[in-house]
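First comes the structure, then the notes that go with it.
Here, each number is a calculation from the coordinates, and none is a lab measurement. Bear in mind that the values here come from a model prediction, so they are computed numbers and not experimental data. Here the Cβ is made from the backbone with ideal geometry for all residues, glycine too, and neighbour counts use every protein chain on show.
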């Protein structure tokens, strides 16, 4: 799966995320967030090594149920899931190596 480039304003239901088979990374943030923009090259570099991992960028904000169900407080927050279960998360990642390590843990 190719890394998602745009934040999706229509978020999936939590039940659908929990039922997802295999590895998946949820990236919570917004297109106007400076921290989110700064993290994009790091995320892209990490995903080059893991092309089979699903990636979904979810536009987050006040009152957005999916982000609240994962208790997202800061952007970007990357939630690493395997078969619908959270394995790890990174908040405002600063190194591609940290993202790569979290990806390796779910494949």
Inset, instruction - State whether the residues of segment 83-92 include one that is touching a residue at least 40 places away in the same chain (Cβ under 8 Å), within 17 Å of residue 13 (Cβ to Cβ), buried (at least 18 other Cβ atoms within 10 Å of the Cβ) and touching a helix residue (DSSP H, G or I) at 6+ places or on another chain (Cβ under 8 Å). - result: no
Inset, instruction - Could you please give the count of residues in segment 43-60 that are more than 16 Å from residue 79 (Cβ to Cβ) and touching a helix residue (DSSP H, G or I) at 6+ places or on another chain (Cβ under 7 Å)? - result: 2
Inset, instruction - Inspect segment 2-11 for any residue being outside any loop (DSSP other than H, G, I, E, B), farther than 13 Å from residue 99 by Cβ, touching a residue at least 60 places away in the same chain (Cβ under 8 Å) and touching a strand residue (DSSP E or B) at 6+ places or on another chain (Cβ under 7 Å) and give the result as yes or no. - result: no
Inset, instruction - Please tell me if residue 107 is under 15 Å from residue 17 (Cα atoms) and out of contact with any helix residue (DSSP H, G or I) (no Cβ under 8 Å at 6 or more places or on another chain). - result: no
Inset, instruction - For segment 64-78, state whether one or more residues are closer than 14 Å to residue 39 by Cβ and assigned to a strand (DSSP E or B). - result: yes
